[in-house]
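Visitor: Input: one structure, supplied below.
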Amino acid sequence: MSIRVIIMDVDGTLTNSQKVVTPKTKEALLKAQQHGAILILASGRPTSGLMDLAHELEMDKHHGLLVSYNGSKVVDCMTMETLFNQALSVEESKAVLEHMKKFPEVRPMIDKGEYMYVNDVYHNMIMFNGEPFNVIQYESRGGKFKLCEVEDLAAFVDYPLNKILTTADPEYLQAHYKEMEAPFKDTLSCMFTGPFYFEFTAQGIDKAKALDTTLIPMGYQKDEMIAFGDGHNDASMVKYAGIGVAMANAVDDLKAIADEVTLSNEEDGIAVSLYKHMPEIAA
């Protein structure tokens, strides 16, 4: 059966280390849309952090979908209609943010509208790969947010959150994540989405649920889908799609469950795989 849906994680999958889509990959994706396929960006990023890529790939002309917050929200980027949205309740959000106060090196980040809220805008540096890294700047700029400081996030939150993102040095998170998730592991989705990111979303939320809830009623079948990923949070969609593809730079756990492993995000792995599975675009 031909490929009608192309699902891609963004960071480490669609984009290279410079956070850009390489010309060969972009060309393959534009051709795929011209042949009737739709593109889906499925990311932990907020919706606002996916819009520039969607526009670059002309998804806003072809009813491409944005699966943001690791599956908590789905938006049609042609109409900007919200097709799926399952957020944390106010009570759940307050409980998580209150619990995070027990971990002084953990910095929660939440958003609303055009703002990202943190406890302390100057408590912004972590150590990553042996270098200081301004994670607050990285996340706020990546999501196209203005930055705002709120001393007590738990007291501040009075609206549902699509996710609560937390950050710290990778070693600190590895040492403490079990304590961080302990009160919530049976009621929320708690997961690493990067070496320095650990996040909380509503129970049962993952990229596959968002895809299934949205795509099946639209008439698409699993065996018409191909999904590309590199991280632990991509496992559900790589297993879900008819063809699940891990990038060469993916974590070993993802490679183990993928149907195939393509080249890395630095080597146009998506394009290489698409030209193999969609010969019509190779012409």
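Visitor: In the range 1-53, how many residues are of a type in the set (A, V, I, L, M), in contact (Cβ under 8 Å) with a residue 60 or more places away in the chain and either over 20 Å from residue 277 (Cβ atoms) or in contact with a Leu (Cβ under 8 Å, 6 or more places away or on another chain) (or both)?
Guide: Within the range 1-53, residues that are of a type in the set (A, V, I, L, M), in contact (Cβ under 8 Å) with a residue 60 or more places away in the chain and either over 20 Å from residue 277 (Cβ atoms) or in contact with a Leu (Cβ under 8 Å, 6 or more places away or on another chain) (or both) number 12.
Visitor: How many of the residues making up the range 104-136 are under 22 Å from residue 201 (Cα atoms) and surrounded by 13 or more Cβ atoms within 10 Å (Cβ to Cβ)?
Guide: Adding up the residues that qualify gives 15.
Visitor: Now for a different question. List pairs: first in the range 271-282 and touching a residue at least 12 places away in the same chain (Cβ under 8 Å), second exposed (fewer than 15 other Cβ atoms within 10 Å of the Cβ) and not in a helix (DSSP H, G or I), Cβ under 6 Å, 6+ apart or cross-chain?
Guide: From the range 271-282, the pairs are 280/35; 281/35.
Visitor: Do we find that residue 213 is within 27 Å of residue 84 (Cβ to Cβ) and surrounded by fewer than 17 Cβ atoms within 10 Å (Cβ to Cβ) in this structure?
Guide: Yes.
Visitor: Being assigned to a loop (DSSP other than H, G, I, E, B) and either acidic (Asp, Glu) or not assigned by TED's automatic domain parsing to the domain that holds residue 95 (or both) is the filter here, so list the residues in the range 116-141 that pass it.
Guide: 120
Visitor: Mind checking whether some residue in the range 202-218 is in contact with a helix residue (DSSP H, G or I) (Cβ under 7 Å, 6 or more places away or on another chain), closer than 16 Å to residue 264 by Cα and among the hydrophobic types (A, V, I, L, M, F, W, C)?
Guide: no
Visitor: Considering only the range 237-268, state which residues are in contact (Cβ under 8 Å) with a residue 12 or more places away in the chain, outside any loop (DSSP other than H, G, I, E, B) and within 27 Å of residue 165 (Cβ to Cβ).
Guide: 237, 238, 239, 240, 244, 245, 246, 253, 254, 257
Visitor: Taking residue 258 as the residue in question, decide whether it is in contact with a Leu (Cβ under 9 Å, 6 or more places away or on another chain), at pLDDT 95 or above, small (Gly, Ala, Ser) and in the same structural domain as residue 19 (by TED's automatic domain parsing).
Guide: no
Visitor: Please report, ordered by residue number, the strands (runs of 3 or more DSSP E) entirely within the range 142-227 with at least 3 residues that are in contact (Cβ under 8 Å) with a residue 60 or more places away in the chain and in contact with a Leu (Cβ under 9 Å, 6 or more places away or on another chain).
Guide: Values: elements: 146-149, 164-167, 188-194, 197-202.
In the range 142-227, 164-167, 197-202 are the strands (runs of 3 or more DSSP E) which contain 3 or more residues that are in contact (Cβ under 8 Å) with a residue 60 or more places away in the chain and in contact with a Leu (Cβ under 9 Å, 6 or more places away or on another chain).
Visitor: Does residue 251 qualify as being farther than 27 Å from residue 83 by Cα, of a type outside the set (Lys, Arg) and touching a His at 6+ places or on another chain (Cβ under 8 Å)?
Guide: Details: farther than 27 Å from residue 83 by Cα: yes; of a type outside the set (Lys, Arg): yes; touching a His at 6+ places or on another chain (Cβ under 8 Å): yes.
The answer is yes for residue 251.
Visitor: Kindly indicate whether residue 29 is part of a helix (DSSP H, G or I) and among the hydrophobic types (A, V, I, L, M, F, W, C).
Guide: yes
Visitor: Among the residues of the range 269-281, are any assigned to a strand (DSSP E or B) and on the phi < 0 side of the Ramachandran plot?
Guide: no
Visitor: Return yes or no: is residue 234 more than 19 Å from residue 5 (Cβ to Cβ), in contact with a helix residue (DSSP H, G or I) (Cβ under 7 Å, 6 or more places away or on another chain) and part of a helix (DSSP H, G or I)?
Guide: no
Visitor: Testing residue 39 on (1) modelled with pLDDT of 95 or more; (2) out of contact with any Gly (no Cβ under 6 Å at 6 or more places or on another chain); (3) among the hydrophobic types (A, V, I, L, M, F, W, C), one condition comes back false. Which one is that?
Guide: Looking at each condition in turn, residue 39 falls short on (2).
The values are calculated or read from the model by the stated rules, or taken from the named source; none is laboratory data. Small disclaimer: the values here were computed from a predicted structure and weren't measured. Don't worry about glycine lacking a Cβ; one is built from the backbone with ideal geometry, like all the others, and counts go over all protein chains shown.
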